[in-house]
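Reviewing the structure listed below.
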Amino acid sequence: MKTIQKTISKSKYVLLALLVVFSVSCSTEDGEPGPQGPAGTNGADGADGNANVIISDWYDLTWTAPNTTMTYHDQVVPEITENLIEASVILSYVRSSATTYLLPAVWTNTSTIGSGVSLENIRIYCRSESNIIMPTDMQGRHIIIPANIGGRASLDFKNMSYEEVMDHFGLDY
């Protein structure tokens, strides 16, 4: 037991001595500055972080009503390919007056408004338990976020507000 205590006691002195040596051997004074390095070159500007994001302008919704409990608007979007459908986040929005809704959304107590995507097309639809009367001033917009945008897959855009998505990509509302 005494041997262990002597070893620990000697170790304390050795560590204390090393600490003193290191603290005295370091200097706070800087040496002489080195020679100037070679001048850098101006590289090409990189692409914007939102360069591959596809965002539509707001478009007026014109409704087709196959019956009294369903109506829809088809928006031609030539950029939508099979690859985009499989590997992208496609967000659809509607607005009426000053309110913007991410789809799907509850429209009235008995109506739901949503969207579907197919080749070169986004369909915005409304289903209801009773007769549907859609506002005439309603507009739609879509944002397509390709999967190849680095670091974007970890974000859940569907749980972000319209303003948060626009701010994230530095886009105008």
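Where a number appears in this text, it was derived from the coordinates with a stated rule and is not lab data. Bear in mind that the values here come from a model prediction, so they are computed numbers and not experimental data. Positions of Cβ are generated from backbone atoms using ideal geometry, with glycine treated the same way; all protein chains shown enter the neighbour counts.
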Please compute, over every Cα-Cα pair in segment 63-173, the percentage with a separation greater than 18 angstrom. 53
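With a Förster radius of 35 Å, plug the Cβ-Cβ distance of Ser96 and Asn52 into 1/(1 + (r/R0)^6) and report the FRET value to the nearest 0.05.
Details: r = 30 Å, r/R0 = 0.85.
Between Ser96 and Asn52 the formula returns 0.75.
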Distance between modelled label sites at Thr108 and Leu155, nm, 7 Å Cα→Cβ extension: 3.6
Given points 7 Å out from each Cα along the Cα-Cβ axis, report the Ile85 to Met70 separation in nanometres with one decimal. 1.8
Which stretch or stretches of segment 57-88 have amide N atoms under 20 Å from the point lying 7 Å from His168's Cα along the Cα→Cβ direction? 57-58, 84-88
